[in-house]
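The values are calculated or read from the model by the stated rules, or taken from the named source; none is laboratory data. Keep in mind that this is a model prediction, so the values were computed, not measured. Cβ placement follows ideal geometry from the backbone for every residue including glycine, while neighbour counts extend to all protein chains displayed.
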Amino acid sequence: MTRTNLCSYPDTPLILVVDDDRSTRTLLKVAMEEEGYQVITAKDGEECINEFNRCQPHMILLDAVMPEMDGFTCCQRLRELSEGSQIPILMITALDDQDSIDQAFTCGAVDYITKPIHWAVLAQRVKRLLTTSKALVELEQVQQQLTTSQEWIKLLGTIIEKLSQPFVLESFVQDTLNRVRLCFPVQRLSLYQYGGNIKIESRQAEFFSTADLSSDVLGLEPFYRTNSPQKKPLIIDDLCTTPHLSQQAIATLLNEQTRSALIVPIVIQQRVWGVLWVSYSQMTHQWQAWEIEQFETLANLLAIAINR
């Protein structure tokens with residue numbers, strides 16, 4: 001298994017090449033790198049799934065005939081993963097009979113190319129599939145934004161109405177976090193008081209709780225010191241490539257199933273009282289400006305509630 005430097009080119013598509021033959025893996029890797037892509041490789045189906053979960057590539061070039069777990073089984077298992085349902089998978093194999101081609105598409109491949117590989121054809125198909133995949137992702141983001149914005153406007157009205165009535169802070173915050181998490185596909189939404197005892201979170205049942213982690217373990221103290229004057233959120237698209245947190249904090253959060261996070265300061269009387277911690281688990285997430293703005297609004301409303 002080999003890997004290029006993924007941290008240096010975050011906007012360059014990442015391709016996972018899977019083939020049990022080392023020479024074929026090397027040729028495919030070199031060919032894709034010459035086209036300007038980042039490349040990671042795997043030698044079998046099991047390693048492919050592990051690398052997919054670890055790196056979240058933009059596309060997979062998958063050999064059909066491999067020992068232990070073949071490409072057809074691997075493709076089907078990838079499609080069963082929530083993050084793998086939409087990724088373009090191009091099957092590469094020496095099999096060219098109709099049954100094998102039908103099986104490839106049945107298992108979830110979106111395209112098929114036979115060996116010996118025609119490199120110019122492969123390059124064009126990879127480019128087309130990546131372009132199509134990107135367009136679909138952008139369309140889904142727009143649709144999600146529209147839906148979320150409508151739900152968010154209704155939710156803001158509910159929160160503001162509750163602020164005008166008597167409430168118990170912990171119950172108000174817990175109810176608010178629960179409602180907000182239903183509007184956004186995040187796995188965990190937490191409120192932490194810096195140097196205090198208030199730690200409230202809303203999370204999906206299958207994910208671990210981080211409520212017992214101290215601010216030191218989470219690496220939040222440097223965030224307060226660095227960002228307090230500007231009061232700006234800390235944006236982490238991929239925990240594995242962020243320079244803002246210590247290696248200990250990164251390792252701890254990865255162990256707690258956190259891969260992407262947005263940390264929004266809660267400011268009361270010009271001082272950072274704590275943070276609103278929004279996280280995705282086991283997947284990277286490109287935080288959009290509209291998302292950040294909405295969570296900043298939520299942090300401001302929570303600050304009003306806390307300061308009452």
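Only one of these is farther than 25 Å from residue 258 by Cα, among the charged types (D, E, K, R), in contact with a strand residue (DSSP E or B) (Cβ under 9 Å, 6 or more places away or on another chain) and in contact (Cβ under 8 Å) with a residue 40 or more places away in the chain: 70, 63. Name it. Show your work before the answer.
Details: 70 fails: in contact (Cβ under 8 Å) with a residue 40 or more places away in the chain.
From the options 70, 63, the qualifying one is 63.
Tell me which residues, restricted to the stretch 245-271, are part of a strand (DSSP E or B) and either within 15 Å of the chain's Cα centre (by Cα) or among the hydrophobic types (A, V, I, L, M, F, W, C) (or both). Working first, answer last.
Applying the first criterion (part of a strand (DSSP E or B)) to the stretch 245-271 yields 260-268, 271.
Matches in the stretch 245-271: 260, 261, 262, 263, 264, 266, 267, 268.
Could we say that residue 7 is outside the structural domain of residue 129 (by TED's automatic domain parsing) and either at pLDDT 95 or above or touching a helix residue (DSSP H, G or I) at 6+ places or on another chain (Cβ under 6 Å) (or both) here? Explain how you work it out, then say what you get.
Details: outside the structural domain of residue 129 (by TED's automatic domain parsing): yes; either at pLDDT 95 or above or touching a helix residue (DSSP H, G or I) at 6+ places or on another chain (Cβ under 6 Å) (or both): yes.
Here the answer is yes, as residue 7 does meet what is asked.
Scanning the stretch 280-295 for residues that are assigned to a helix (DSSP H, G or I) and surrounded by 17 or more Cβ atoms within 10 Å (Cβ to Cβ), which turns out nearest to the chain's Cα centre (by Cα)? Quick ask: steps written out before the conclusion?
From the stretch 280-295, those assigned to a helix (DSSP H, G or I) are 289-295; that's our starting set.
Next, only the ones that are surrounded by 17 or more Cβ atoms within 10 Å (Cβ to Cβ) stay: 291, 294-295.
Numbers: 291: 14, 294: 19, 295: 17 Å.
It comes out as 291.
More than 22 Å from residue 87 (Cα to Cα) and assigned to a helix (DSSP H, G or I): which single residue out of 134, 127, 154 fits that description? Write out each step before concluding.
Details: 134 fails: more than 22 Å from residue 87 (Cα to Cα); 127 fails: more than 22 Å from residue 87 (Cα to Cα).
The conditions single out 154.
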Which numbered condition trips up residue 160, out of (1) in contact (Cβ under 8 Å) with a residue 24 or more places away in the chain; (2) loosely packed, with under 15 Cβ neighbours inside 10 Å; (3) more than 16 Å from residue 303 (Cα to Cα); (4) not assigned by TED's automatic domain parsing to the domain that holds residue 262? (3)
Of the residues 94, 123, 64, only one is out of contact with any His (no Cβ under 8 Å at 6 or more places or on another chain), surrounded by 17 or more Cβ atoms within 10 Å (Cβ to Cβ) and among the hydrophobic types (A, V, I, L, M, F, W, C); which? 64
Could you pull out the residue among 103, 141, 124 that is outside the structural domain of residue 34 (by TED's automatic domain parsing) and either in contact (Cβ under 8 Å) with a residue 40 or more places away in the chain or at negative phi (or both)? 141
Filter the stretch 72-107 for residues that are of a type in the set (Val, Ile, Thr) and in a helix (DSSP H, G or I); which is nearest to residue 50 (Cα to Cα)? 73
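So which residues in the stretch 174-184 are in contact (Cβ under 8 Å) with a residue 60 or more places away in the chain and surrounded by fewer than 21 Cβ atoms within 10 Å (Cβ to Cβ)? Explain how you work it out, then say what you get.
Taking the stretch 174-184 first, the residues in contact (Cβ under 8 Å) with a residue 60 or more places away in the chain are 176, 180, 184.
Across the stretch 174-184, the qualifying residue is only 184.
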With the checklist (1) surrounded by 13 or more Cβ atoms within 10 Å (Cβ to Cβ); (2) over 25 Å from the mean Cα position of the chain (by Cα); (3) part of a loop (DSSP other than H, G, I, E, B); (4) modelled with pLDDT under 90 in hand, flag the one item residue 20 doesn't pass. (4)
So is residue 277 surrounded by fewer than 21 Cβ atoms within 10 Å (Cβ to Cβ) and either assigned to a strand (DSSP E or B) or assigned by TED's automatic domain parsing to the domain that holds residue 199 (or both) or not? no
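Report yes if residue 149 is polar (S, T, N, Q), exposed (fewer than 14 other Cβ atoms within 10 Å of the Cβ), in contact (Cβ under 8 Å) with a residue 12 or more places away in the chain and part of a helix (DSSP H, G or I), otherwise no. Steps first, please.
Details: polar (S, T, N, Q): yes; exposed (fewer than 14 other Cβ atoms within 10 Å of the Cβ): yes; in contact (Cβ under 8 Å) with a residue 12 or more places away in the chain: yes; part of a helix (DSSP H, G or I): yes.
It is true that residue 149 is polar (S, T, N, Q), exposed (fewer than 14 other Cβ atoms within 10 Å of the Cβ), in contact (Cβ under 8 Å) with a residue 12 or more places away in the chain and part of a helix (DSSP H, G or I).
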